[in-house]
1. Which FRET efficiency, nearest 0.05, do PHE154 and VAL83 yield, Cβ-Cβ r, R0 30 Å?
2. Chymotrypsin sites (Phe, Trp or Tyr not before Pro), restricted to segment 336-370: which are DSSP loop and have at most 14 other Cβ atoms within 10 Å?
3. Please name whichever of TYR367, PHE163, LEU296 sits farthest to the positive end of the charge dipole of the chain, dipole taken about the Cα centre and charges placed at Cβ: Lys and Arg +1, Asp and Glu -1.
4. Got the relative contact order for segment 210-309 handy, in percent, Cα pairs under 8 Å and 6 or more residues apart?
5. Given the -39500 (n - 2.57) contribution per DSSP H run of 4+ residues, what per-residue ellipticity at 222 nm results for the chain, rounded to the nearest 500 deg cm²/dmol?
6. Longest exposed-loop-site-free stretch of the chain, with trypsin sites (Lys or Arg not before Pro), DSSP loop and at most 15 other Cβ within 10 Å?
7. At ARG66 and ALA168, where each label point lies 7 Å from the Cα along Cα→Cβ, what is the point-to-point distance in nanometres?
8. For percent of Cα pairs over 32 Å apart, one of (i) 72; (ii) 47; (iii) 26 was computed from the structure I shared and the rest are decoys. Which label?
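The values are calculated or read from the model by the stated rules, or taken from the named source; none is laboratory data. What you see is a predicted model, and the numbers here were worked out from it, not measured in a lab. Don't worry about glycine lacking a Cβ; one is built from the backbone with ideal geometry, like all the others, and counts go over all protein chains shown. Surface areas here come from the heavy atoms of the whole protein model, side chains and all, with no ligands, DNA or RNA. Shrake-Rupley method; radii C 1.70, N 1.55, O 1.52, S 1.80 Å.
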Amino acid sequence: MINKNIIALGFVSFFTDMASSMVTSILPLFIVYTLHEGVDKLGYVVAIATFISYAFRVLFGYLSDRYQVVKPFVVTGYFISAVTKPLLYMSGSWQSVATLRGVERVGKAVRSATKDSLISAYSAGKSGKTFGFHKTMDIAGELTGSLIVFSLLFYLGESEILFRNIFAFTLIPGLIAVVIVLFFVKDAPYKSKAKTFDLKKDYGLLPLLFVYFGFVFFMFNDSFFLIKAKEAGIATTYIPLLVVLLNLTQTLLSYFIGMKIDAIGAKKIFTLSLLFGLFATVSLYVNLIVIGFIFLGVFIVGSLNALRAYISEYAHNKGTVYGILYGGVALFGALGALVTGVIWKHYDAQSAVLFSLLGMGVVFVGYLFELSE
């Protein structure tokens, strides 16, 4: 039986990610084709948003462990995100988009590591199953948001005003999420405010995290997947359906993967997930776009669920280690987005994909070599 606080948090994520997907399904197209900025500018926006989203999670994960503050960070983070997304309605340049995405991602940074700590507190020894359920709700929200965008584009047609109105309407699901977390989720049941903080006990978890950081650096952000799909000839109206496919893949697999993590271990699932990341990039290189999105979904849900469960089981300072995970993603994801955008702008899409594929291959071979020792 899943704890009622986990269920409530699942619905919080459902509505928040519905709003997020309504933005991310069209934002790359809005930047490149509506605002007429280059793919390199998209890389800047992705890099800024990624860095801010993840870097501050280190700070708030540490503060959560140090001072045993959990729910207030979670509520604040969801509120910031809810009120910032609609302001994209007024954006007229990539700089304004980057600024608003940065502020919105501060909200995600405030809540993410502490939210994972809260989920872990109510997991009752079944972290794989619990994180699997929560990720399912995450992705179900993203799936719903993408379907809403597709329906609007299909029936109303592509236009700048429609893009802007979609951004504005994200206020509704965002505020629903805030109400749920504020009134229906209890704070973490800590028994003592004097919990021992000792980061040295968690050093053994870092090598696996750095393998993931390497993959994050070379792996295409989903925004670049969408632009690659557009360049491959897929019409703008149907681009959100690729996001639907990505999210549907994760929704269908998340809970199953969570149970498999509990059954066979997080490291085995993590290793398989890296393989699917490689398959996704190969598919992109040969223009098998639909298959690439499916493989990308398997990589995302498998690797993240495995790492979150691994940290939940083995970390002494859970909030801090979750923060390190997200901080590493911030640094390496931002740098990777910058490099990808520059290569794409000055060479072409295939060169950027090849760079990604070769880099991930090197990281994966090194990881297998380390496992064999």
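1. Working: r = 29 Å, r/R0 = 0.97.
About 0.55, to the nearest 0.05.
2. Working: sites: TRP344, TYR347, PHE355, PHE364, TYR367, PHE369; in loops: TYR347.
Hits after loop and neighbour filter: TYR347.
3. Farthest towards the positive end: TYR367.
4. On the way: 90 pairs, mean separation 33.4, N = 100.
Once normalised by length, the contact order is 33 percent.
5. Working: 14 runs with 294 residues, N = 373.
It lands at -27500 deg cm²/dmol.
6. Values: sites that count: LYS186, LYS191, LYS193, LYS195.
The segment 1-185 is the longest one with no such site.
7. 4.3
8. (iii)
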